[in-house]
Structures are given as C-alpha cells and as structure tokens.
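Presented below is the structure to which this report refers.
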Amino acid sequence: MLPDASSRNPLAMLLIKPDRIKLVLESQGYTASDQLLAAMGSRLQKLIRQAHSPLAEAQVFRFEGAAFGVLVPNARDHEVLADLGHHLKLGMQQPLKVLDREHLFTLSIGSAMAPEHGRDTETLFKNAEVVVNRVRTEGGNAFRLFNAEMGEKREQAILLERALGQAIERKELALHYQPQVDLRQNRIAGVEVLLRWNSAEHGMIPPGRFIPLAEEAGLIVSIGQWVLHHACLQAKQWEDANLSPITLAVNISARQMQHPDFVAMVDQVLRETGLNPARLELEITESVAMQDVEHTISTLNSLRRLGVNIAIDDFGTGFSSLSYLQRFPLDKIKVDQSFVRNITQDATIALSVILLARSLQLRVIAEGVETLEQVDALRSYGCEEMQGFFFGRPMPAGEFEHRLQQVKQLVA
Ligand code: C2E
Ligand code: MG
Ligand code: MG
C-alpha cells in the first residue's frame, strides 16, 4: 500500500528509468533480464540505506516495464531530493554483475513533490513520469524535478492530442510532396510525402510536434494508414497519367513498425490502390530500426517480399551498429540534413556515410540540400541523388504534378 501524499508529512516520488534498458533486456534471456532488474532494485535499495536520514526511510518499488519508483516520506525540500537523485546516479556507475556478465547503466530520474506537484501519489507518479520521459528524450543520464511549466506543456499536449484524434474525420490532414532528384539522369526520380496538420483550433502544427504526440497516444497507426493510402492513390494517379515514373517515399514511425498487422496493412493498401510495390519506398529512422532488431529484420524481409523498397532516414543521427546495418535488407541510406548543412566546411561525416553506402552497395541520397555549393560538394563525393529546398520545398499535389510535367534542367 502506498503512503498517502495528503498526510501531514511531505512526500516525494522519484521515478527512475535506466537508459537503453530495453535494448539490453532484449538481448538477454528471460532469467538474466529478471536477475538484472532484481540486482538493480537491490542496488537502489542499498544506496538509499546509505543516504542520510530522513532519506534512508525511502522505499523502492519496481514498476512494470523496467522502471523503479522511490517514495520519500519527509522530503523537506528540493535540494534534498536532488542530492538523493545524484547519489543514486553516482551509485549506479559501478557495474552490475549478473550471471558472470557486467552491465553498466546510466539513469534517467524524474521527481515530483507533494503538495506542490500533486496531493495524491497518483498525480505525483504521473508528474514524475512527465519529467523522466523528458530527461530521456534529452539524452538521459540526468536528474530533474517537475515544474509547473512542464505541467502546462503536458496539458497543452493533451489538448493537441484530443484535437489530433479528430483530425482525419475533420479533414484537417493534408499531404505535401517534396521532389527527390537524380542528377545522373537529370530528372525527378522520387518524391517524399510529408504530412501537414492544419488544426481548426490550434492552427498549423509542424510534424516534428504532432508526430511524437500521435505516437504516444497510439493515433499514429490510423494516421499512418491514412497517409499511406492517400499517398499511394496519388502516386497511382500520376502513374496512370503517364507522368515520368517516380518512387514514392513514405515515412514510417516506431509504433507503426511494431504493430503486428503492419505488413498486412501495407499489402492491403497496395492492393486497394493498385500501386506497383516497386514504386513504394518506406523510410524508417535508425532509432526505429534499432528498437527491436530481430523484429525489424523480419518485418523488413516481409516488406521486401511484397516488393517494397526500404530507406534509412536521418542516417548518422541515431545509434546504429554497422553489423546490424548489414543484416537489414535495405535499398537506400539518407544522409541527414545536419551533415549536409555544413558540408562545405566539414564533409567528414557526409563523406563517410556516402562511402559506407557504397561499400554496402546501397543507394545514397542527401537530405536538406539548400545551396549550389552543397550540390557541387555532394557530387564531388559521388552522391548524385538529392532532396532539399534547392530543388523544391514540400508542395501540394497539384504543384508537384505541374513540376513533373515540366521537362527542365535541374542544375545548369
Ligand atoms: P524527415 O522524414 O527527415 O523529412 C525531412 C524534413 O526536412 C521535412 O520536415 C522537410 O520539410 C524538411 N526539409 C526538406 N528539405 C529541406 C531543406 O532543404 N532544408 C531544411 N531546413 N529542411 C528541409 P517536415 O515536413 O517538418 O517533417 C519533419 C519530420 O516529421 C520528418 O522528417 C518525418 O520524420 C516526420 N514526418 C513527416 N510526415 C510524416 C508522416 O507521414 N509519417 C511519419 N511517421 N512521420 C512523418
Ligand atoms: Mg523522411
Ligand atoms: Mg530525414
């Protein structure tokens, strides 16, 4: 039974999520995973007993999904909590030995305190979770205390989430199309579909903001299906109109890939729309691919059997192990725009990615190309496929179609 936060003694909650724990557990057997989590719990307990009173009275709980909670009765002020957080973080820097293997973990810790961040344990837990998730998205290995601004952001996110849930039926979603060029052929060889949401209540919201929300709320599965269906229908119309043949690139997020019916959904959309699967390319980011490697490999193989192409998006920004990269059935790597942006000053990473793609016999395309200098640099390094504002911004379907109809030189 959890103590009641409304009691006279101030109570605080620390929520602890070990960084990258999911990846580690996935590579272990069930017994080793269980023992590792138990060892982690005991280490936390021990560290707490070593802390000064009144922190030594804190209790550790293990939550589902490899998270730990620490309830601290008599937490007097924020500094005391921060001290405890840092004490736990430091104490975890010694390796944990389980079944003859040593594991090193960093911790993400979020904390909330009664009564200012909630009067009951449930609210404290919810707010501690908001913070710990924030710490994780900012790279982990840190302690942070909840604050009112985070609460407001969470409230705003909840409002947006609610509006997003109705976006399809309210016809607020639209697709924009950005050309991908192949300079060897001097033509538009593909197009990337980018989702736009113009909310009646909240105005134009960029995908960088609403896609993560859609992921969190589980809405991405239906939204992603809507995107794929409408994009394939559009591409089929262009194919039927005998416009220059192009590949349609569609972004896929983590939650979509993990859905058990994902491959069946892609198959169904291809059948319904009649688009040639060889014309479809699915873009997944490195972090999505690396979340559950074995599942990724089997899903990508099934997609390949349908005849669909696979590209790795934002390459170089996530963690990917080169040995896995070799095991993924891929067609193309997209050099992330951050490496293209400064290519004229420092081409180290862009060039490495281009060479890596070549040695793995994959195609390579550069994203975020904005200037002629970048085009020239990329060409000199052997990258002839490009996408970016220099060639065209994401535009509505009609405008893109007009571009396809025009036969013109892309670069003088
Ligand atoms: P992404 O897939 O890497 O898409 C490229 C982003 O870079 C797009 O941002 C595009 O507008 C922008 N961009 C293209 N050329 C240039 C350039 O020359 N300079 C600069 N500065 N930016 C350029 P956008 O449309 O805001 O999309 C952001 C991200 O949202 C996408 O990154 C993708 O991860 C995600 N996203 C967009 N549509 C969808 C979708 O339908 N489904 C999913 N799951 N994610 C999507
Ligand atoms: Mg993309
Ligand atoms: Mg990208």
Can you name the residue in segment 298-318 that is within 12 Å of ligand 1 (Cβ to nearest atom) and part of a strand (DSSP E or B) and, of all such residues, is farthest from GLN361 (Cα to Cα)?
ASP314
Just the residues that are touching a strand residue (DSSP E or B) at 6+ places or on another chain (Cβ under 8 Å) and either within 16 Å of ligand 1 (Cβ to nearest atom) or of a type in the set (Lys, Arg) (or both), please, taken from segment 277-295.
ARG279, LEU280, GLU281, LEU282, GLU283, ILE284, THR285, GLU286, ALA289
Of all residues being farther than 23 Å from GLU26 by Cβ and buried (at least 21 other Cβ atoms within 10 Å of the Cβ) in segment 289-317, which is farthest from ligand 2 (Cβ to nearest atom)? Just the residue, please.
VAL308
Could you please find all residues in segment 318-336 being surrounded by fewer than 16 Cβ atoms within 10 Å (Cβ to Cβ) and either closer than 19 Å to GLY190 by Cα or at pLDDT 85 or above (or both)?
GLN326, ARG327, PRO329
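Would it be correct to say that ALA163 is more than 16 Å from ligand 2 (Cβ to nearest atom), more than 21 Å from the chain's Cα centre (by Cα) and either aliphatic (A, V, I, L, M) or open to solvent by 20 Å² or more (accessible area, probe 1.4 Å) (or both)? Spell out the reasoning first.
Details: more than 16 Å from ligand 2 (Cβ to nearest atom): yes; more than 21 Å from the chain's Cα centre (by Cα): yes; either aliphatic (A, V, I, L, M) or open to solvent by 20 Å² or more (accessible area, probe 1.4 Å) (or both): yes.
In short, yes.
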Could you say which residue among GLU129, GLU102 is under 29 Å from SER27 (Cα atoms), surrounded by fewer than 16 Cβ atoms within 10 Å (Cβ to Cβ) and in contact with a strand residue (DSSP E or B) (Cβ under 9 Å, 6 or more places away or on another chain)?
GLU102
Which one is surrounded by the fewest Cβ atoms within 10 Å (Cβ to Cβ) among residues in segment 203-240 that are closer than 25 Å to ALA157 by Cβ and among the acidic types (Asp, Glu)?
GLU216
Condition check: buried (at least 18 other Cβ atoms within 10 Å of the Cβ), within 14 Å of ligand 1 (Cβ to nearest atom) and at pLDDT below 95. Does PHE339 satisfy that?
no
Apart from one, (1) part of a strand (DSSP E or B); (2) touching a helix residue (DSSP H, G or I) at 6+ places or on another chain (Cβ under 7 Å); (3) of a type in the set (A, V, I, L, M, F, W, C); (4) open to solvent by 20 Å² or more (accessible area, probe 1.4 Å) all hold for ALA174; the odd one out is (2)
Quick one: which strands (runs of 3 or more DSSP E) sit completely within segment 46-106 and have at least 3 residues that are under 18 Å from ALA128 (Cα atoms) and at pLDDT 85 or above?
59-63, 67-73
Those residues that are of a type outside the set (S, T, N, Q) and farther than 17 Å from HIS295 by Cβ, I need them from segment 320-335; list them, please.
LEU322, ASP331, LYS332, ILE333, LYS334, VAL335
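Tell me the residue from GLN361, GLN337, GLN345 that is under 28 Å from ARG20 (Cα atoms) and out of contact with any helix residue (DSSP H, G or I) (no Cβ under 9 Å at 6 or more places or on another chain), please.
Numbers: GLN361 fails: under 28 Å from ARG20 (Cα atoms); GLN345 fails: under 28 Å from ARG20 (Cα atoms).
It is GLN337.
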Residues of segment 269-292 being among the acidic types (Asp, Glu) and more than 16 Å from ligand 3 (Cβ to nearest atom), which ones?
GLU272, ASP292
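Would you pick out the residues in segment 184-230 that are assigned to a loop (DSSP other than H, G, I, E, B) and away from ligand 3 (no atom under 16 Å from the Cβ)? Break it down into steps so the answer makes sense when it comes.
Taking segment 184-230 first, the residues assigned to a loop (DSSP other than H, G, I, E, B) are 184-186, 200-202, 206, 217-219.
Answer for segment 184-230, where residues must be assigned to a loop (DSSP other than H, G, I, E, B) and away from ligand 3 (no atom under 16 Å from the Cβ): ARG184, GLN185, ASN186, ALA200, GLU201, HIS202, ALA217, GLY218, LEU219.
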What is the one condition in (1) closer than 19 Å to LYS332 by Cβ; (2) of a type in the set (Ser, Thr, Tyr); (3) more than 22 Å from the chain's Cα centre (by Cα) that SER199 does not satisfy?
(1)
Evaluate the following for LEU275: is it in contact with a Lys or Arg (Cβ under 8 Å, 6 or more places away or on another chain) and assigned to a loop (DSSP other than H, G, I, E, B)?
yes
Residue list for segment 117-133, filter: closer than 10 Å to PHE146 by Cα and either at pLDDT below 90 or touching a Ser or Thr at 6+ places or on another chain (Cβ under 8 Å) (or both):
HIS117, ALA128, VAL131, VAL132
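The values are calculated or read from the model by the stated rules, or taken from the named source; none is laboratory data. Note that the structure is predicted; figures quoted are calculated from it, not measured. Backbone-built Cβ (ideal geometry, glycine too); neighbour counts: all protein chains shown. Note: accessible area is taken over every heavy atom of the protein model, side chains too, but ligands, DNA and RNA are not part of it. Shrake-Rupley method; radii C 1.70, N 1.55, O 1.52, S 1.80 Å.
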